[in-house]
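Reading through the structure tokens given below for one structure.
The values are calculated or read from the model by the stated rules, or taken from the named source; none is laboratory data. Since the model is a prediction, treat every value here as computed from it, not as a measurement. A quick note on method: Cβ atoms are made from the backbone with ideal geometry, for glycine too, and the neighbour counts reach across all protein chains shown.
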Amino acid sequence: MYKYDAIDRQLVTERVEQFRDQVSRWQSGELTGDEFRPLRLQNGLYVQRHAPMLRVAVPYAMMNTAQLRKLAFVARTYDKGYGHFTTRHNMQFNWPKIEDCPDILAHLAEVEMHAIQTSGNCIRNVTTDQFAGVAADEIIDPRPLAEILRQWSTFHPEFAFLPRKFKIAISGTKEDRAVTWFHDIGLQLQVLNGEIGFRVIVGGGLGRTPIRGQIVREFLPWQHILTYCEAILRVYNRQGRRDNAYKARIKILVQALGVEEFAKQVEAEWAHLKDGPATLTQAEYDRITAHFSAPAYERADDIELPSEKAFARWVHRSTHPHKVAGYTAVTLSLKQHGIAPGDITADQMDLVADLADRYSFGELRISHEQNIILADVKQSELYAVWQAAKAGGLATPNVGLLTGIICCPGGDFCDLANAKSIPIANAIQARFDNLDYLFDIGEIDLNISGCMNACGHHHVGHIGVLGVDKNDSEFYQVTLGGRQGNEAKLGKVIGPSFSADEMPDVVEKIIKVYLENRHPDERFLDTFDRIGIDPFKNRAYEGRAHGKAKAAQKEAA
Amino acid sequence: MAQLIKNNAVAVDTWKTLELAEGETPEAVALPEGDIIFPFAVWQARKAEIISRYKRIGLLLQPDEPVEEIAVDLDYFIVVALNFPKFVDGRAYSSASLLRQRYHYQGELRAVGDVLHDQLFFMQRVGFDSYALKDGKNAVYALEAGFSSFSDSYQTSTSQAQPHFRRRA
């Protein structure tokens, strides 16, 4: 993975000192709260419901074991012994003290980590596919360009105060695993006539106004990645709305102008920047690419694995095809039933670091599904990895299944949330705790967000759950049919929202409709696409009082 | 009063910005004597008169007033002031970049409005060379620390035309 050189180290160290100075000027009253707020946000520091929250970047998902052990140290020393992986390649600490944050950042800088631009109205952490570099369906490894984008976006002087936050995702595989259709900029790497380049998608996003991105340019050679992004950002910085935070994302600008006009303006801007000094050089591409060279794989053949049922189940759910024979990418589930999805204790972090050191060349990745990936495990060592992971609560065989829920921290922690999300996830996990049943249901994405900001990506869940606030009570709106990937689309709302208590029943009814209607080999989504939303809707609301009856019921209560 | 930072020092500001009182129009407002920074609307309405009456001319642009509109006039200006109505409004960073890099404006480029210590580094990089630091802020400390937050940068900008990757030994 990428290793810092002199300038990277220098900038991160200087950032720590800058932030230390800002905290101290805020404490002395020299900086007002309003003046300090955007500064702390650009260092990932929120003030939350119970305490501050610090969001640490894991650029394009890559981590080494020294970094993970450092996160464990921070969790033990400055937090309550755990951390939370988000849906955008970050780790969040929920309980640090503001005055400790400069020291925490100094500790992180020692292992080449930071919290730069993990929040605020600036270019955020660049994200990609968790299987980058090892996936069997990879066309081009996106990580070198992701690192180049990281450097370019870090302290970009023109784009530090955008109308709103700005997220870039880049993927280089046949099957998109980076949600590129739902980012401010989505870049899909491809090869055209032997030339490496990418398709540029702009104006996608989930959140309050979920919109699928649109293609602004079908193909652009890789050398132009920075100048083209610069052109997009400049058009946005100048014209994006600043009068209303809810209408300030680039997706609103693209909708207002129309994608043709937006593309025209970007191309006009780019004409001035094209082939300028920010054009990437082969030397720079090669220099960065060298950091991502393949580890020293041994010669191994694909092997027959032990047939023990529990192990076989875990292998079925937790391994991903690797481009090197005899190896596999292993996903460690952070979705143990009853635990907040994405949470990991300091002890688990140490265990994962040990496993990565022993079995996966000392590196790991995190996924936007909030799991951990050991990308280079020899198949002959899978059994040992499974046993150790199981002992640490990291081998629940539910990756891609109903209880492998993507879930934001929700109302238990987050100040923005309308409703709690973790208890809903846990209640659904408790309902579907039987592994035979879970496996019979098969592949299904259930995503939960505690508010319309959609950190839990509910719009692209096959089943999406959104927390809403109605008259100071928490309710949940259900969507069906959303999906990520190449055919990414938004789910449809099935009807009026449900109370928290109703949610496990609602999910169970939806699952029953699927099980009753499925053809052999149909996944949930296939059945849904074939029979449509109505049978699900009808079952979910069956016997449920509505209209006058509901009013009467309320009256009686 | 804002404190003017220029040439690495606190400087005396000889310029006055023409402000339109309630009911005054760009077409009719009286043009005062001295070194005046004119709002864009006054410049548009009274360009010929201003050029004939003043040897030294300043211009004030709001963030929504596109630099393209004054690109051909830049030789008239000793000072172009770009306003930050709020420090989180980042449009003037693009205006400054365009003025310097695309239209090759060589005169003084001044940041005015909600100008604070922690944005000086970025302002300098996009091409500002004078800063009307907000009243009540510590200008001495701003001079000492505000411009040197980082000792190098990755990207191209007005102050550094070459990206770091082209400057590697």
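Descriptive notes on the structure:
- Annotation: A:Thr396 fulfils all but one of (1) buried (at least 24 other Cβ atoms within 10 Å of the Cβ); (2) of a type in the set (S, T, N, Q); (3) closer than 30 Å to A:Asp534 by Cβ; the unmet one is (3).
- Residues that are touching a strand residue (DSSP E or B) at 6+ places or on another chain (Cβ under 9 Å), crowded, with 17+ Cβ neighbours inside 10 Å and over 29 Å from B:Arg102 (Cβ atoms) are absent from region B:34-55.
- Within region B:53-112, being of a type in the set (Gly, Ala, Ser) and within 14 Å of chain A (Cβ to nearest Cβ) holds for B:Ala71, B:Gly90, B:Ala92, B:Ser94, B:Ser95, B:Ala96, B:Ser97, B:Ala111.
- Residue in region A:468-483 that is in contact (Cβ under 8 Å) with a residue 24 or more places away in the chain, in contact with a Cys (Cβ under 9 Å, 6 or more places away or on another chain) and either buried (at least 20 other Cβ atoms within 10 Å of the Cβ) or not in a loop (DSSP other than H, G, I, E, B) (or both) present: yes
- A:Gln48 vs. criteria within 14 Å of chain B (Cβ to nearest Cβ) and in contact (Cβ under 8 Å) with a residue 12 or more places away in the chain: no
- Count - residues of region A:287-304 that are free of Cβ contacts under 8 Å to residues at least 24 places away in the same chain and under 28 Å from the mean Cα position of the chain (by Cα): 3
- Scanning region B:110-142 for residues that are of a type in the set (Asp, Glu) and either in a strand (DSSP E or B) or closer than 16 Å to B:Ala9 by Cβ (or both) gives a single hit, B:Asp129.
- Extreme residue, surrounded by the most Cβ atoms within 10 Å (Cβ to Cβ), among residues of region B:143-169 that are facing chain A (nearest Cβ under 8 Å) and not in a loop (DSSP other than H, G, I, E, B): B:Phe165
- Residue that is surrounded by the fewest Cβ atoms within 10 Å (Cβ to Cβ) [pool: residues in region A:229-264 that are of a type in the set (Phe, Trp, Tyr) and within 25 Å of the chain's Cα centre (by Cα)]: A:Tyr246
- Residue within region B:1-23 that is more than 28 Å from A:Val235 (Cβ to Cβ) and aromatic (Phe, Trp, Tyr) present: yes
- Residue match in region A:101-113 (condition: more than 27 Å from A:Ile406 (Cβ to Cβ), modelled with pLDDT of 95 or more, assigned to a loop (DSSP other than H, G, I, E, B) and touching a helix residue (DSSP H, G or I) at 6+ places or on another chain (Cβ under 8 Å)): yes
Rundown of residues vs (1) buried (at least 23 other Cβ atoms within 10 Å of the Cβ); (2) in a strand (DSSP E or B); (3) modelled with pLDDT of 95 or more, yes/no style:
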residue: A:Pro321; (1), (2), (3): no, yes, no
residue: A:Thr328; (1), (2), (3): yes, yes, yes
residue: A:Thr331; (1), (2), (3): yes, yes, yes
residue: A:Lys335; (1), (2), (3): yes, no, yes
residue: A:Ile344; (1), (2), (3): yes, yes, yes
residue: A:Met349; (1), (2), (3): yes, no, yes
residue: A:Ala353; (1), (2), (3): no, no, yes
residue: A:Arg358; (1), (2), (3): no, no, yes
residue: A:Phe361; (1), (2), (3): no, no, yes
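- When region A:122-165 is filtered for residues that are buried (at least 23 other Cβ atoms within 10 Å of the Cβ), under 17 Å from the mean Cα position of the chain (by Cα), assigned to a loop (DSSP other than H, G, I, E, B) and within 14 Å of chain B (Cβ to nearest Cβ), only A:Val126 remains.
- Among the conditions (1) within 17 Å of the chain's Cα centre (by Cα); (2) away from chain B (no Cβ under 14 Å), A:Leu108 misses just one, which is (1).
- Test: residue in region A:169-186 that is within 14 Å of another protein chain (Cβ to nearest Cβ), surrounded by fewer than 21 Cβ atoms within 10 Å (Cβ to Cβ), touching a residue at least 60 places away in the same chain (Cβ under 8 Å) and not small (Gly, Ala, Ser): no
- Count of region B:109-142 residues which are of a type in the set (D, E, K, R) and crowded, with 23+ Cβ neighbours inside 10 Å: 2
- Flag for A:Tyr246 being of a type outside the set (A, V, I, L, M) and in contact with a helix residue (DSSP H, G or I) (Cβ under 6 Å, 6 or more places away or on another chain): no
- When each of A:Ala425, A:Ala389 is tested for being closer than 27 Å to A:Met1 by Cβ and hydrophobic (A, V, I, L, M, F, W, C), the lone residue that passes is A:Ala389.
- Selection of region A:272-282 for residues being surrounded by fewer than 18 Cβ atoms within 10 Å (Cβ to Cβ) and among the aliphatic types (A, V, I, L, M) yields an empty set.
- Which listed residue is more than 12 Å from chain B (Cβ to nearest Cβ) and either surrounded by 19 or more Cβ atoms within 10 Å (Cβ to Cβ) or not basic (Lys, Arg) (or both), from A:Glu298, A:Glu269: A:Glu298
- Hits in region A:280-318 - residues which are over 12 Å from A:Leu382 (Cα atoms), in contact with a helix residue (DSSP H, G or I) (Cβ under 6 Å, 6 or more places away or on another chain) and in a helix (DSSP H, G or I): A:Glu284, A:Ile288, A:Thr289, A:Phe292
- The listed residue being surrounded by 18 or more Cβ atoms within 10 Å (Cβ to Cβ), within 30 Å of A:Pro295 (Cα to Cα), touching an Asp or Glu at 6+ places or on another chain (Cβ under 8 Å) and away from chain B (no Cβ under 14 Å), out of A:His89, A:His84: A:His84
- Looking across region A:1-31 at every residue that is hydrophobic (A, V, I, L, M, F, W, C) and away from chain B (no Cβ under 11 Å), the one that is surrounded by the fewest Cβ atoms within 10 Å (Cβ to Cβ) is identified as A:Met1.
- Matching residues, region A:254-284, being closer than 25 Å to A:Ile140 by Cβ and either outside the structural domain of A:Arg238 (by TED's automatic domain parsing) or of a type in the set (A, V, I, L, M) (or both): A:Ala263, A:Val266, A:Leu273, A:Ala278, A:Leu280, A:Ala283
- Against the criterion of being touching a helix residue (DSSP H, G or I) at 6+ places or on another chain (Cβ under 8 Å), surrounded by fewer than 24 Cβ atoms within 10 Å (Cβ to Cβ), in a loop (DSSP other than H, G, I, E, B) and in the same structural domain as A:Val58 (by TED's automatic domain parsing), A:Pro96 qualifies.
- Meets criteria (surrounded by fewer than 21 Cβ atoms within 10 Å (Cβ to Cβ), closer than 23 Å to A:Val235 by Cβ and in contact with an Asp or Glu (Cβ under 7 Å, 6 or more places away or on another chain)) for B:Phe84: no
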